[in-house]
Structures are given as structure tokens and as C-alpha cells.
1. Scan segment 22-64 for trypsin sites (Lys or Arg not before Pro) in coil per DSSP, keeping those whose Cβ has at most 13 other Cβ atoms within 10 Å, and list them by number.
2. Pulled fully out, how much extra length does the chain show between Asp52 and Ala97, if you take 0.36 nm times their separation in residues and subtract their Cα-Cα distance?
3. Straight-line reach from Lys16: which aspartates and glutamates have Cα under 19 Å away, leaving out those fewer than 8 places along the same chain?
4. Taking segment 23-129, how many lysine pairs are there with alpha carbons less than 24 Å apart, if each pair must be eight or more places apart or span two chains?
5. Once you have a ≥ b ≥ c as the square roots of the Cα gyration tensor eigenvalues for segment 1-80, tell me rounded if a/c is under 1.5, and otherwise prolate or oblate according to whether a/b is larger than b/c.
6. So which GluC sites (Glu not before Pro) in segment 27-129 end up in coil per DSSP with only 11 or fewer other C-beta atoms within 10 Å?
7. Quick one: dipole size for the chain, taken about the Cα centre, charges +1 on Lys/Arg Cβ and -1 on Asp/Glu Cβ, in debye to the nearest 20.
8. Using the charge dipole of segment 58-123 (Lys, Arg: +1 at Cβ; Asp, Glu: -1 at Cβ; taken about the Cα centre), state which of Ala123, Tyr71, Leu102 has its Cα farthest towards the positive end.
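Every read-out reported here was derived from the displayed coordinates using simple, explicitly stated rules and does not represent laboratory data. Being a predicted model, the structure only gives us computed values, none of them experimental. As a convention, Cβ positions derive from the backbone with ideal geometry for all residues, glycine included, and neighbour counts pool all protein chains shown.
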Amino acid sequence: DIFIVMATEDPSKGYKGISAFVVERGMEGFEVQPRENKLGIRSSSTTPLTFDNVKVPKENLLGESGKGYKYAIEILNEGRIGIASQMVGCAQGAFDATMPYLFERKQFGQAIGDFQGMQIQNAEIACKI
């Protein structure tokens, strides 16, 4: 397994002192912990990585020195559309799960989904999704 790791080479340069490196499973001092058991967004794994005096060779520098922050931001920007689409799916799933309950739950002798105020809220939420 191969990992791209951002690390600070020169703290005095702030974000311009961050570089990207390729780190491989099995490198001395580098350990991959068990995958986290998450509630959502399971298509993207979250795994803690531990570093204990890891020696990364110069040839494992990815791109230019000091450009790691720039690379990270570019990757995050490209990933935002995927996250947005996942959240729309989550919202739609929550809405779909809620709708039947609105007609099961009774209050004042009728389903709460039949109240005009609830219908307005449901329509607004459906339009926002």
C-alpha cells in the first residue's frame, strides 16, 4: 500500500513549508492502524496512521518541495463535489424515511402529515433537496 503524506519541512515558512511525500506500508516506524468503523460515508475509509521516527528517502518527495499544501487543497477541491452529492443522497434518504411516519403519527385525530403547516414544511424541504 502507498500513502501520500503531507509533512512540514520548514515550520518558519508556514504553509509554504509543507511538502508531500510517498510513504509505503512496511517502512520502518510507519504503521497502519485498523480501519475506523464509521456511521456514514463508508466508501471512503478512515484509518489512523502512526509515525515513529520514519525515515523518508529524498526520492519519495512528491512534486516540488514546499508545494504540499497547494496539492492538498487541489485534491480537496476536487473531492468537494463528491461529498456534496453524498450529502444530497443522505438528505433524500432521511426525507424518504420520514415521510411515511408523518402519516402514521396521529395528533388531534388526524395524521400530522395532513396538517397544512407540515405540508408546507415538507414541500420546502423537498424543493431544497
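1. Sites meeting the loop and neighbour criteria: Arg25, Arg35, Lys38, Arg42, Lys55.
2. Stretched fully, the Asp52-Ala97 segment lengthens by 11.6 nm.
3. Glu64, Glu74
4. Lysine pairs, 8 or more places apart or on different chains, close enough: 4.
5. Oblate, because a/c is 1.5 or more while a/b does not exceed b/c.
6. Here the sparse-neighbourhood loop sites are Glu28, Glu36, Glu64.
7. Result for the chain is approximately 260 debye, rounded to the nearest 20.
8. Checking the options against the dipole of segment 58-123, the answer is Tyr71.
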